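Everything on this sheet refers to the single structure shown next.
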Amino acid sequence: MSDAVTLDQLRALVAVADAGSFSSAARRLRRVQSAVSTAMANLEAALGVPIWDRSKKVATLTDAGRAVLGAARRVLAEVDGLQRLTASMASGLETVVSLCLDAFFPLPALSALCAAFAQQFPEVELRLEHRVLSGVSERVLAGEATLGVVSSAGLLPGLEARSLASIRMLPVAAPGHPLAAIEGPIASAHFTREIQIVLSEAGGASSPADHGVLSPRTWRVGDLHTKRELCQAGLGWGNLPEHLVRDDLRAGKLVRIQPEAWGVDEHVLHLSAVYRSNSSLGPAHRWVTAQLGQLCAREAEPAAVSPRQPQRA
């Protein structure tokens with residue numbers, strides 16, 4: 001077998017297979033039939049296998065020909081993808097978007113973003129990762145991520161920021177937790193006996209979220225889903241994003257409590273898109289930033305969730 005296989009021959013092969021005959025393929029390709037026949041003969045010579053069975057009036061693919069046809073389609077698809085990619089790069093489109101997301105970012109919004117991104121930028125690679133609090137800022141500052149979404153608690157100096165949406169935090173506990181049995185505002189003295197589940201950054205005992213700590217007894221976790229599970233299990237209480245616990249509150253798996261020390265909507269986190277000041281954001285990054293704001297705001301839109309008012313026995 002020689003290496004003289006050309007894209008033109010492969011395109012001619014696909015055209016004949018799709019059109020059903022050499023003559024129909026020639027009309028589709030706007031060539032004379034002899035040119036298509038020559039291309040097929042040269043392809044067979046280059047590959048060293050018979051592709052067409054010409055013993056009948058209309059040539060049909062051999063078993064080897066059907067295998068070659070499948071390979072040809074894959075090669076042409078890759079070539080077409082390469083051409084789209086290079087055309088996009090020439091117009092300024094990035095090859096990769098690396099996005100680091102704060103733990104407070106709503107996951108349904110991320111799923112919607114990825115689905116739309118795949119349609120809008122099929123040739124651009126998307127890299128995703130999650131970090132807690134200032135971990136997002138650190139990844140962007142280090143150049144490990146080109147774009148980040150960080151809460152106000154984790155925003156570090158040295159980054160350009162664009163406001164996206166606000167996340168309302170709700171203090172919650174399991175229905176059987178002692179704090180859930182207290183009607184109305186709960187005095188701070190009641191929290192001294194209860195464990196508070198606190199989100200903390202890796203490697204440290206404290207975090208920027210400690211401004212919301214009321215209980216002297218704390219359990220520290222590295223992600224919101226663990227915090228939520230521990231609260232559901234009645235092992236402690238904690239402040240969680242409304243979008244994360246909305247269904248739990250409706251289902252009665254968690255109830256909202258009301259610390260006397262806090263206002264009704266005292267804890268609101270603001271999410272921002274962040275990037276290095278020396279970054280030049282291309283069309284894919286600009287599109288992602290715009291979509292992040294819309295999707296996050298839609299998912300985090302506050303619902304009517306009132307503090308639990310248990311009935312007295």
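The values are calculated or read from the model by the stated rules, or taken from the named source; none is laboratory data. Worth saying up front: this structure is predicted, and the values here are computed from it rather than measured. Note: ideal-geometry Cβ built from the backbone for every residue, glycine included; neighbour counts use all protein chains shown. To get the accessible areas, we keep the full protein, side chains included, count just its heavy atoms, and leave off ligands, DNA and RNA. Shrake-Rupley method; radii C 1.70, N 1.55, O 1.52, S 1.80 Å.
Of ALA35, ALA45, LEU10, which is farthest along the charge dipole of region 1-52 in the positive direction, counting Lys and Arg as +1 and Asp and Glu as -1 at C-beta?
ALA35
Show me the three semi-axes of the equivalent ellipsoid for the chain, from the C-alpha gyration tensor (sqrt of 5 times each eigenvalue), largest first, rounded to whole Å. Could the numbers behind the result be given before it?
Working: eigenvalues 757, 97, 49 Å².
Semi-axis lengths for the chain are 62, 22, 16 Å.
Using DSSP loop states and a limit of at most 14 other Cβ atoms within 10 Å to flag GluC sites (Glu not before Pro), what is the longest stretch of the chain containing no flagged site? Write down the numbers at each step before the final one.
Working: sites that count: GLU144, GLU183, GLU260, GLU266.
Maximal segment without exposed cleavage sites: 1-143.
Kindly provide the helix-only [θ] at 222 nm of the chain, computed as the sum of -39,500 (n - 2.57) over DSSP H runs of four or more divided by all residues, to the nearest 500 deg cm²/dmol? Don't jump to the answer; show the numbers that get you there.
Values: 9 runs with 121 residues, N = 313.
Counting only the DSSP helices, I get -12500 deg cm²/dmol.
For the chain, with the dipole built from +1 on Lys and Arg beta-carbon atoms and -1 on Asp and Glu ones, taken about the Cα centre, which of SER188, VAL132, LEU110 lies farthest toward the positive end?
LEU110
Quick one: ranking ARG276, ARG246, ARG28 by accessible area, 1.4 Å probe, largest first, what do you get?
In descending accessible area the options line up as ARG28, ARG276, ARG246.
If you average the alpha carbon positions of region 239-303 and of region 118-191, how far apart do those two centres end up, in angstrom?
Using only Cα atoms, the two centres lie 7 Å from each other.
Taking the Cα centre as origin and putting +1 on Lys and Arg beta-carbons and -1 on Asp and Glu beta-carbons, what dipole magnitude results for the chain, to the nearest 20 debye? All intermediate terms of the calculation are to be shown ahead of the outcome.
Values: 31 positive and 30 negative charges, 211 e Å.
Dipole size: approximately 1020 debye.
Considering only protein heavy atoms, what per residue accessible area in square angstrom results for region 106-231 with a 1.4 angstrom probe?
46 Å²
May I ask you to give the percent of accessible area on the chain that is carbon plus sulfur, with a probe radius of 1.4 Å? It would help to have the intermediate numbers written out before the result.
Details: 8110 of 15660 Å².
Accessible surface attributable to carbon and sulfur in the chain totals 52 percent.
List the aspartates and glutamates whose alpha-carbon lies under 18 Å from that of LYS57, not counting same-chain residues fewer than 8 positions away?
Cross-link targets: ASP18.
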